[in-house]
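Right, one structure below, let's go through it.
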Amino acid sequence: MSVDGARIGFAGLGQMGFHLAGHVEAAATARGVSVVAYDPSAEMRERAVAAGRTTTDEPLTELGDGDLLCISVPDGAAVRAVIAGLGDLGRCSGLVILDFSSVSPGDAVEIGTMAATHGVRYVDAPVTGGVAAAELGTLTTIAGSNEADLEAIAWVAEAFSKKVVYAGQLGSGALLKSVNNMIFNVASIASMEGILLARSAGITDDVLLDVLNNGTGVTYFSQVRYPRYIASGGFDAGMRVGLVNKDLQIALDAAEAAGVDLEFCNIGRRMWADALDVLDPGADSTEMMDMVSKRVSGVPVRDVLGLH
């Protein structure tokens, strides 16, 4: 598919979509392709307009043959709502949907199968790397498709990605994203406990991170999440506790569908669920380290780290 001279709609201007839409619009403009973005939140639309994005106050209903719809929303239900907003899908035959959201593999297959009956192609293409990478345009995109099938529109994902991985088939992008998130969110708890042990014993961050990030204990948490968003005192990584719980449940549901028992994921999910019982779903996920700190030492993490 080529979108040269066609239109691109972008649905979802939240923490990730705001940045993705900006990269896509810049790349599309260089190719003479128009982009219009929509979000049901007037606040999100106003923020996008202030940043120079082209937006509409109405759902995207004018897209059709030869056009592309990009979606970046919280979950499968929100993706379905965007697609329903298109109206009669039969009229949209020839449309391609690139879904950058984190949906379950089951949702991806179900949505893609439904869309195909109307001549609409749906590709699950979730991204990983976090808000900072979205802003920098250094995400990894995992496309549930073959590279040849998306060759003509690869530049769309490349506009905000350091790497685009073609996972081969519908639903595989969503599955790999869930595996990635599962490993990160469960491993983060182990990293939190280790860091809390070292800091409680009087070891400084400089020494601790010099060991972890040059040893076998290195993780994304030790390299980025902890030093940038926790040790700094910000606790503002941008990922919400509610979304972490959603992502872990997606992994567990996928495991059940595959007949696989994920013991550590179940343990990690229970710990994150306990945090959800205390913290607001919209709380930043870095606040989980305070929950872990109180569990393992009885002391708030800001006290352990001397952040007062």
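The values are calculated or read from the model by the stated rules, or taken from the named source; none is laboratory data. The structure presented is a predicted model; accordingly, all values stated were derived computationally and were not measured. In this analysis, Cβ positions are derived from the backbone assuming ideal geometry, glycine residues included, and neighbour counts consider all displayed protein chains. Surface accessibility is based on the protein's heavy atoms, side chains included, excluding ligands, DNA and RNA. Shrake-Rupley method; radii C 1.70, N 1.55, O 1.52, S 1.80 Å.
Some observations on this one:
- Phi-derived couplings, Karplus 6.51 cos²θ - 1.76 cosθ + 1.60 at θ = phi - 60°, listed residue by residue for region 111-125: 5, x, 5, 4, 4, 4, 5, 10, x, 9, 9, 10, 10, 6, 9 Hz, with x used for Gly and Pro.
- Considering only Ala174, Pro300, Ile8, the residue lying farthest towards the positive end of the dipole of the chain is Pro300, judged by Cα position with unit charges set on Cβ.
- Listed candidates [x] 1.00; [y] 1.07; [z] 0.97 - label of the one calculated as Rg/Rh (Cα atoms, Kirkwood Rh): [x]
- Using only alpha carbons, region 165-243 has a radius of gyration to Kirkwood radius ratio (Rg to Rh) of 1.07.
- Under 24 Å, Cα to Cα: Lys pairs in the chain, sequence gap 8 or more or different chains: 4
- Surface accessible to a 1.4 Å probe, per residue, for the residues of the chain, Å²: 44 Å²
- Annotation: amide H of Leu69 within the under-5 Å range of Gly9, Val96, Ile97, Leu98, sequence separation 5 or more or interchain, hydrogens built in the peptide plane.
- Local electrostatic count at Gly76 - Lys and Arg +1, Asp and Glu -1, tallied over other residues with Cβ under 15 Å: -4
- Rounded percent of accessible protein surface that carbon and sulfur make up, the chain, 1.4 Å probe: 54 percent
- The chain: calculated mean residue ellipticity at 222 nm from DSSP helix runs of at least 4, using -39500 (n - 2.57): -14500 deg cm²/dmol
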